[in-house]
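Participant: Okay, here's the structure, questions in a sec.
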Amino acid sequence: MGASAMLKGPVRRRRRAGRAGGRVALGFLVVLGVATLLAGPLAPYGYNDQDYDAILQGMSGAHWFGTDDLGRDVFSRLLYGAQVSLGSAVVAVVVAVGIGVPVGLVSGFVGRRVDAVVMRVLDTLLAFPTILLAITITAVLGTGLLTAMVAVGIALMPSFARMMRAQVLVVRDRLYVDAARTFGLPGWWLVARHVVPNSIQPVIVLTAHMLGAALLVEASLSFLGLGTPPPQPSWGGMLREASRFLDGLAPQIIVPGLAIALTLLAINVVGDWLRDLLDPRVTSRSRRRAVPEATTEAAAV
Amino acid sequence: MVTALRRKVVSVLLTLLFASAMVFLITYLVPGDPAVVVAGEQATPEQIALVRSELGLDDPIVEQYGRFMWGVLHGDLGTSLFTREPVVDIVARTLPRTMELVVAGLVVAIAAGIPLGIAAAMRARTATDGVIRAVSTAGLAIPNFWFGLILVSIFALEWAVLPATGFVSVFDDPVEGLAHQVLPALAIGLTAMAAIARQTRSAMIEVLSADFVRTQRAMGVPGRAIVWQHALKNASIPVVTIIGLDISRLIGGAVVVETVFGISGLGGALVSATTQRDFPVVQGVILVVVFLVVIVNLLIDVLYTWLDPRIQGV
């Protein structure tokens, strides 16, 4: 009997609904990704092409989403802005994983004093609201696109380190690791062969959700003027520029925010789907009981 | 209970000690010479030397840290490098506004989130539940500053029923204060509301299927009393956890949303200090925020033991 046949009706129905939502969300992200990569050929105008005869226009055939205060095409800037916003979210998560996973791994595997100190530092970092931590790191490194990516990455790093450590603590004492240890195999071999492969799954799910968090923090930084410098477009930066000429509901203010919200929604849905997929024994409801919606919450900064 | 609390307090003090050390080290993590960064590229050597001595960078690091901690413990967070204003004064001026917004956002989040979660749990897997779940899922994906911009566009600019910018404390003028704070509070509270609604829903669904609820129903206890008096208290622990996490998030949200509404709170101070690289202000603001977050979390741990006396080892 297959695993899905053993599931009760409502659970299976919900699983199927989750799968459909997950597929739609994944499809959206794929289309978005392709459009982002093809921003050059797809965009009708350059991101900095100014037309002073067409300033702050509404939606039209020539400018689908209108123009901004410098007469630049919002649709084109949205496409180019996706490269910055999505690209920097990906880089930030790579930074967070690249630092967080090794730190958690070492802390969990070595244990004792190293673990105590590392955990204390991580707990302290987690006491900072994420956006404030990112702003502080920006203050240290200076503003700009690259430093914003690094700042967001470092701000999200403690979550990865904590999760990796928690996983390692469980796997470290499993019988097969003990068995391998009694063979006199070196520590690095145990880590590479047994600990990492058996600890990495929740980290993958966290990565999906943290991509959303990174997108949101980067947008917030750019909105505050601490991220991507003009004239380079980013979704948060576009909202910053539009907010200075706010005059009621206009596409300039609706479109970039909607782009962030829809992308974030799609990332969250795919993240939940991935979580259910990677651990088929646990239905999303009983998982939520054990972990208080922690993974989904992570995306909301 | 007392030993558990004592252990918790020691842990909190350690976190604060570590946080202050990290905040102190900020100036040391600056790539290159922090004095040059602060003084600017075109500064003369004399100006750089002046900044250096002002930041206290000439002294041994241990002495600097000692002086920093001595100041912190005596309510001295240094002075702004640009306005010469004591950082404590800047914090005293901006913090009350930000905290008022955070509390207003929290009120919105709890007042809307918990009833929504309960309503969804009581009608689980119906259309009502579906709508509430959709709203809360969307709420988690909407950036708070964008929601603030949309609210301003509609209520202040299109309909002109509420002010677009500025801040009035409800303690100075309750009517004006509410009018000024309702939009920022909605913007700040949206994400937390969505998180609380989701958590309340799943916790209530679980509790409502528990044996004691069935027993109470069988004994004829009215449904309303079961939900609001018995089930909610039992469902409240995960909800309180989420609220605790939300405090940190609400402060972060307020810092960004303030900009939308032109409120010069902690966020404005932090952002301009970051752009100017006014390190004493950045350090002071961040330290105060971390202190607040840690204290709130300690209070929440105390709240746990009150909600569920079985929890001892917090």
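The values are calculated or read from the model by the stated rules, or taken from the named source; none is laboratory data. Bear in mind the structure is a predicted one, so any value in this text is a computation, not a measurement. In this analysis, Cβ positions are derived from the backbone assuming ideal geometry, glycine residues included, and neighbour counts consider all displayed protein chains. For accessibility, only protein heavy atoms count, side chains too; no ligands or nucleic acids. Shrake-Rupley method; radii C 1.70, N 1.55, O 1.52, S 1.80 Å.
Participant: Express the relative contact order of chain B as a whole percentage, based on alpha carbon pairs under 8 Å and six or more residues apart in sequence.
Facilitator: 26 percent
Participant: DSSP loop trypsin sites (Lys or Arg not before Pro) in region A:137-238 with at most 15 other Cβ atoms within 10 Å of their Cβ, which ones?
Facilitator: Listed in order of number, the matching sites are A:Arg174.
Participant: Okay, next question. What accessible area per residue comes out for the protein assembly as shown, rounded to a whole number of Å², with a 1.4 Å probe?
Facilitator: 45 Å²
Participant: Sticking with this one: May I ask you to derive the relative contact order of region A:86-271, considering only C-alpha pairs under 8 Å and at least 6 residues apart, and to give it as an integer percent? Mind dumping the intermediate values first?
Facilitator: Details: 232 pairs, mean separation 48.5, N = 186.
About 26 percent, as a whole number.
Participant: Going by the alpha-carbon gyration tensor, a ≥ b ≥ c the square roots of its eigenvalues, is the protein assembly as shown rounded (a/c under 1.5) or, if a/c is not under 1.5, prolate (a/b greater than b/c) versus oblate?
Facilitator: Rounded, since a/c falls under 1.5.
Participant: Give a quick list of chymotrypsin sites (Phe, Trp or Tyr not before Pro) in region A:48-92 that DSSP marks as loop, anything other than H, G, I, E or B, with at most 13 other Cβ atoms within 10 Å. Display every interim value, and only then the final one.
Facilitator: Details: sites: A:Tyr52, A:Trp64, A:Phe65, A:Phe75, A:Tyr80; in loops: A:Tyr52, A:Trp64, A:Phe65.
In loop regions of region A:48-92 (DSSP not H, G, I, E or B), the sparsely surrounded chymotrypsin sites (Phe, Trp or Tyr not before Pro) are A:Tyr52.
Participant: Buried accessible area between A and B (1.4 Å probe, both chains summed, ligands and nucleic acids excluded), in Å² to the nearest 100?
Facilitator: For A against B, buried area totals roughly 4600 Å².
Participant: Could you check how much of the accessible area of chain A is carbon and sulfur, as a whole percent, using a 1.4 Å probe?
Facilitator: 66 percent
Participant: How big is the Kirkwood radius of region A:100-181, worked out from every pair of different alpha carbons and given in Å to one decimal?
Facilitator: Numbers: mean 1/r = 0.0726 Å⁻¹.
In region A:100-181 this quantity evaluates to 13.8 Å.
Participant: In square angstrom, rounded to the nearest 10, how much accessible surface does B:Met219 have for a 1.4 Å probe?
Facilitator: Surface open to solvent at B:Met219 totals about 150 Å².
Participant: Compute the Cα gyration tensor for chain B, then decide on rounded, prolate or oblate, letting a ≥ b ≥ c be the square roots of its eigenvalues: rounded whenever a/c is under 1.5, prolate when a/b is larger than b/c in the other cases, and oblate in all that remain.
Facilitator: oblate
Participant: If you don't mind, another one. Would you pull out the residues with amide H under 5 Å of B:Thr79's amide H, same chain only if 5 or more places away, H placed 1.01 Å from N?
Facilitator: Excluding prolines and chain starts, which carry no amide H, the hits are B:Val87.
Participant: Also, quick follow-up: Can you bin region B:1-114 into rounded, prolate or oblate? Criterion: square roots of the alpha carbon gyration tensor eigenvalues sorted a ≥ b ≥ c, rounded for a/c under 1.5, prolate for a/b above b/c, oblate for the rest.
Facilitator: Verdict is oblate for region B:1-114.
Participant: Another question about this same structure. Of all trypsin sites (Lys or Arg not before Pro) in region B:58-135, which ones are in loop regions per DSSP and have a Cβ with at most 15 other Cβ atoms within 10 Å?
Facilitator: Here the sparse-neighbourhood loop sites are B:Arg84, B:Arg123, B:Arg125.
Participant: Calculate how steeply helix A:251-278 sits against the longest principal axis of the alpha-carbon atoms of chain A, using the helix alpha-carbon long axis, and give the answer as 0 to 90 degrees to the nearest 10.
Facilitator: Helix A:251-278 sits roughly 20 degrees off the main axis of chain A.
Participant: Also, I was wondering about something else. Helix B:127-141: angle to the longest alpha-carbon principal axis of chain B, degrees 0 to 90, nearest 10?
Facilitator: Approximately 10 degrees, to the nearest 10.
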